[in-house]
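Following: one structure in structure tokens, then a few remarks.
A short reminder: the numbers here are calculations on the coordinates, not readings from a lab. Everything numeric here is computed off the predicted structure, so don't read it as measured data. Don't worry about glycine lacking a Cβ; one is built from the backbone with ideal geometry, like all the others, and counts go over all protein chains shown.
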Protein chains: 4
Amino acid sequence: MNENVELVLKGKEKRRPIEVDGVKVGQGFVVIAGPCSVEDEKQTIETAIAVKNAGAQMLRGGAFKPRTSPYAFQGLGLKGLKILKRAKEETGLPVVTEVMDPRDVSWVSEYADVLQIGARNMQNFSLLKEVGRSGKPVLLKRGMHSTIDEWLNSAEYILAEGNHDVILCERGIRTFEKATRNTLDISAVPVVKKLTHLPVIIDPSHAAGHAYLVPSLSLAALAAGADGLMVEVHVNPDAALSDREQSLRPDEFSKLMEKIRRLEEVIRNIHDRD
Amino acid sequence: MNENVELVLKGKEKRRPIEVDGVKVGQGFVVIAGPCSVEDEKQTIETAIAVKNAGAQMLRGGAFKPRTSPYAFQGLGLKGLKILKRAKEETGLPVVTEVMDPRDVSWVSEYADVLQIGARNMQNFSLLKEVGRSGKPVLLKRGMHSTIDEWLNSAEYILAEGNHDVILCERGIRTFEKATRNTLDISAVPVVKKLTHLPVIIDPSHAAGHAYLVPSLSLAALAAGADGLMVEVHVNPDAALSDREQSLRPDEFSKLMEKIRRLEEVIRNIHDRD
Amino acid sequence: MNENVELVLKGKEKRRPIEVDGVKVGQGFVVIAGPCSVEDEKQTIETAIAVKNAGAQMLRGGAFKPRTSPYAFQGLGLKGLKILKRAKEETGLPVVTEVMDPRDVSWVSEYADVLQIGARNMQNFSLLKEVGRSGKPVLLKRGMHSTIDEWLNSAEYILAEGNHDVILCERGIRTFEKATRNTLDISAVPVVKKLTHLPVIIDPSHAAGHAYLVPSLSLAALAAGADGLMVEVHVNPDAALSDREQSLRPDEFSKLMEKIRRLEEVIRNIHDRD
Amino acid sequence: MNENVELVLKGKEKRRPIEVDGVKVGQGFVVIAGPCSVEDEKQTIETAIAVKNAGAQMLRGGAFKPRTSPYAFQGLGLKGLKILKRAKEETGLPVVTEVMDPRDVSWVSEYADVLQIGARNMQNFSLLKEVGRSGKPVLLKRGMHSTIDEWLNSAEYILAEGNHDVILCERGIRTFEKATRNTLDISAVPVVKKLTHLPVIIDPSHAAGHAYLVPSLSLAALAAGADGLMVEVHVNPDAALSDREQSLRPDEFSKLMEKIRRLEEVIRNIHDRD
């Protein structure tokens, strides 16, 4: 580990939950769920209600979408953020949403409870500094090509600006294997737990790229000691404008949540004995 | 998936446990444990007794070791196999051991209950054919550079010779990440479960390369739906001739087994509801 | 290839050199050289004169440095850009320099002849759009974990904003091999030449990470059909604030340029016969 | 570099060409060409004559083919070796052919001038020891997943048995890039040249997986300092039983050889000045 990663290292600061509107990330197992992109108000609010009823504690949804092609759907922008705000009013769920441009940080912060830094921007240092100054909790995704060491250095950029509310999110790395979209690096959970006091969650949807893999990977994340999940759920995956293959339907998500809650109790007991 | 992988595909044959001297791989969660290499009789038998007492159902141990350097310890060969036989007499645990050379298959089969094909030999097709004709159950490790598709094709080589008793073992793939020796591809478990009727287990020790990661990865494997584990345990890891950094001490293994058995029950209930 | 990559595809536009202050990139073999970072005026101008004398046609130098750690030297910023301007006045060499933040594009453009997008920002879509609107030639480095398809999509972002002066730069991809810092993907040259009309150059310094490898890789790039090179040269590599191991000394660079010019003629004849 | 790699390290032995029936590998630029598989006598002898006329110095051709699927064409075996012998009688070209099983080494040696170890068998240590005892020159391909350090360790296995006639062959490594079958690691040439006295050649056909890329990569290999090439040529690529997409037709190969011979002279002059 780079000796310059000081603030994120374990021991520098007490492990403590990060508070987001009453939800404590880093205490218990927190599930964030919602659509990949905000597409319209109806779809978003229906999904928000569905994930809330199934037991999710936060809502995810993209208003700005980083897309490989300039001609792919880029998100609804401000209109999307307003829809997320409506969904929050409806359900009470705090909102996690991505910000891609340092110029957008201040006004996006008015709509978001957690600012998400996407995998492609993990080393967008201008953006990291800006969210570091925002005062908002940040969810920092690991780059699909980044080592754990680089990831923690990127977290350090945010803490160095005075913002200590960083949630790490492993979302799969790029390898030669083609059966999955990316390879979920489950080992990152215990490695990160050993090195830093920051909470770490898993995004099984982007890692796997196929809905059928999400339940197994979610349970594995919980068993490995992760602090939570971020899962893509869509009321009608076949009609989704992005990531349709990896989104769970509400009934699938609901079934997964039941399994998670049953497993969670045993895992907590197991870890309490350590 | 390659259309030529016929015998290993789900639906061709009923999922059924593979019987090894009374142990049923593919029914419940089977734990195989033991030293990386057989180094001497005392060390091996002590370890065998320790893992047996902790609840392991099979003993692993290498008499032939595939080593990067020609000058590294290459294993005790026949002497090592005899020690494994003694350990089996002492504990009743069936023995899993690696075979590296097609010329050794027939006589190694007299000492082994399961023939292991190591990661470096996953595409040693002469060896695959030979173990396919041996009549012995085979534990086929995934190559550290191999896709799941290639792995199943290698299993097909064994089944095509008439031997249907193949246990798949994921042991980590090679990526750019350096915090772990390899990257455990936990997603391989549900992918393989979807494609084939063969049981699949996880080797967290070789994947992680560090003992402290083994418990988390073992619980993750169980939660993800794996049929078992293969774990390195050594009575005195610091003195081990190979893989010292990744071997558990008997007391650590014992603690892990307790956690596994507690988790196993819940996982079984969860999956029974599917 | 993604069907949406329209503007960069061969056939949409005639292959034509990109003019940068009299230098034609895409005609002959253009060599860009200079220090990794601009550290002070003396070092920069001495290096600029040295590379000019050796035959380089453009000067490279970083005023903004994307660094893994927030505590590493981040570049001199505006002061660095002013030094580069001085170096250009001294030598007549047009200047290539990196821009990392969309808010900096307009004012950095006053100092730069070519705006460089670094590997970590290849999918910083806000930045791509901004340089697409800048009217300045852009040097787009391939991400160290990006496919050629994604790279061309990122170029498309720039062309789609109306800026067709994009120079592609391969700088090594991330693999498991450790003898080099990255793995130079030399095949990217003929692949890109087949797909697009845009010129492609090679950065052997960042790919290799060791100065001793730069000459061989430079000659290989020329033989493979690349349109040029970007090479790190420093008057005193041992004192460099970044990338000291991979920078050539002026005498080494001079020797390399002699080899390049001799080889260039034969290569041109060989390709003319195609 | 592993300290145990003694015999292959530079300085232990003088760099000297490896003699194969009058051809000196490691002196000048040696081109080995021929079909992927020996399919029948007519195809093989026609191809052998064609590559001989174009200037190739050795003939390659597989009688034993390591194939991912057990149901794919596995080669003609002994019949194939006899055809290769006939082709040698016809053309005088020494024959390079793969051996996959330690039990075959002694009798295959009667038909082969150089024994090839394929990428999948680079760490088949039983096979390495056997060819180490064979007295025949060995062409050792780098595993598609192997570091340079591991590759040199595998060479050391052969030298340690008393056989010092080892030719290294880089054939591409496995990465995330999909535009090529594998990623040719051109940097391996100067790295290996720095570390060892053994000659190193390039196989652009397997690396690229597409015939259109072979000429550029061949010239790059020569410019980077490689000692030769191994190229797939087939009189009728469309009818080939394996690797049809990457084989050159004889006229394409002939054109490539002309370019190589023209470039070779300049490269020799350039390197003589070092």
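Hey, does the stretch D:163-170 have a residue that's at positive phi and either within 14 Å of chain B (Cβ to nearest Cβ) or hydroxyl-bearing (Ser, Thr, Tyr) (or both)? The answer is no; no qualifying residue exists.
The number of residues in the stretch A:31-86 being aliphatic (A, V, I, L, M) and either within 16 Å of A:Glu232 (Cβ to Cβ) or in contact with a His (Cβ under 8 Å, 6 or more places away or on another chain) (or both) comes to 13.
Taking the condition among the hydrophobic types (A, V, I, L, M, F, W, C) and over 15 Å from the mean Cα position of the chain (by Cα), does C:Ala54 pass? Spelling it out, C:Ala54 is indeed among the hydrophobic types (A, V, I, L, M, F, W, C) and over 15 Å from the mean Cα position of the chain (by Cα). Looking across the stretch A:172-216, the residues that are assigned to a loop (DSSP other than H, G, I, E, B), surrounded by 24 or more Cβ atoms within 10 Å (Cβ to Cβ) and either more than 7 Å from chain B (Cβ to nearest Cβ) or in contact (Cβ under 8 Å) with a residue 60 or more places away in the chain (or both) come down to A:Gly172, A:Leu198, A:Pro199, A:Asp203. Within the set C:Thr44, C:Thr97, the sole residue that is of a type outside the set (D, E, K, R) and within 27 Å of A:Leu127 (Cα to Cα) turns out to be C:Thr97. For the residues B:Leu219, B:Leu229, the requirement of being closer than 30 Å to B:Glu156 by Cβ and touching a residue at least 24 places away in the same chain (Cβ under 8 Å) singles out B:Leu229.
Of all residues in the stretch B:40-61, those that are touching a residue at least 60 places away in the same chain (Cβ under 8 Å) and within 24 Å of B:Met144 (Cβ to Cβ) total 1.
From the list C:Leu256, C:Leu263, C:Leu217, the lone residue that is within 18 Å of D:Ser216 (Cα to Cα) and either hydroxyl-bearing (Ser, Thr, Tyr) or within 20 Å of the chain's Cα centre (by Cα) (or both) is C:Leu217. With respect to the conditions (1) away from chain D (no Cβ under 13 Å); (2) under 17 Å from D:His271 (Cα atoms), C:Leu241 falls short on a single one, namely (2).
The single condition from (1) under 16 Å from D:Met100 (Cβ atoms); (2) surrounded by fewer than 24 Cβ atoms within 10 Å (Cβ to Cβ) that B:Asn124 fails is (2). Of all the residues in the stretch C:107-123, those that are among the small types (Gly, Ala, Ser) and without any contact (Cβ under 8 Å) to a residue 40 or more places away in the chain number 2. Scanning the stretch D:62-76 for residues that are away from every other protein chain (no Cβ under 12 Å) and out of contact with any strand residue (DSSP E or B) (no Cβ under 7 Å at 6 or more places or on another chain) gives a single hit, D:Leu76. Filtering the stretch B:217-269 to residues that are of a type in the set (S, T, N, Q), under 17 Å from B:Lys52 (Cα atoms) and not in a helix (DSSP H, G or I) leaves B:Asn236, B:Ser247. The lone criterion from (1) touching a Pro at 6+ places or on another chain (Cβ under 6 Å); (2) in a helix (DSSP H, G or I); (3) away from chain C (no Cβ under 13 Å) left unmet by D:Leu159 is number (1).
Count of the stretch C:234-247 residues, restricted to those that are in contact (Cβ under 8 Å) with a residue 40 or more places away in the chain, within 12 Å of C:His206 (Cα to Cα) and either surrounded by fewer than 19 Cβ atoms within 10 Å (Cβ to Cβ) or of a type outside the set (Asp, Glu) (or both), is 3.
Remark: C:Arg181 falls outside the filter, which requires a residue to be among the charged types (D, E, K, R) and under 23 Å from C:Asp113 (Cβ atoms). Checked against (1) touching a Leu at 6+ places or on another chain (Cβ under 8 Å); (2) of a type outside the set (A, V, I, L, M, F, W, C); (3) buried (at least 24 other Cβ atoms within 10 Å of the Cβ), B:His164 passes all but condition (3). Scan the stretch A:97-115 for residues that are more than 14 Å from chain C (Cβ to nearest Cβ) and touching a Gly at 6+ places or on another chain (Cβ under 8 Å) and the total you get is 2.
When the residues of the stretch A:132-147 are filtered to those that are more than 12 Å from chain C (Cβ to nearest Cβ) and out of contact with any strand residue (DSSP E or B) (no Cβ under 8 Å at 6 or more places or on another chain), the one that is surrounded by the fewest Cβ atoms within 10 Å (Cβ to Cβ) is A:Gly135.
Take C:Lys129 and decide whether it is more than 29 Å from D:Val214 (Cα to Cα) and within 14 Å of chain A (Cβ to nearest Cβ). Taking the combined requirement at face value, the residue satisfies it. The set of residues in the stretch C:250-264 that are under 21 Å from C:Asn236 (Cα atoms), buried (at least 19 other Cβ atoms within 10 Å of the Cβ) and not aliphatic (A, V, I, L, M) comprises C:Pro250, C:Phe253.
Every residue, every condition in (1) under 17 Å from the mean Cα position of the chain (by Cα); (2) of a type in the set (Ser, Thr, Tyr); (3) over 24 Å from A:Asn182 (Cα atoms), yes or no:
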site	(1), (2), (3)
A:Leu78	no, no, yes
A:Ile83	no, no, yes
A:Thr97	yes, yes, no
A:Val114	yes, no, yes
A:Arg120	yes, no, no
A:Val131	yes, no, yes
A:Ser154	yes, yes, no
A:Ile158	yes, no, yes
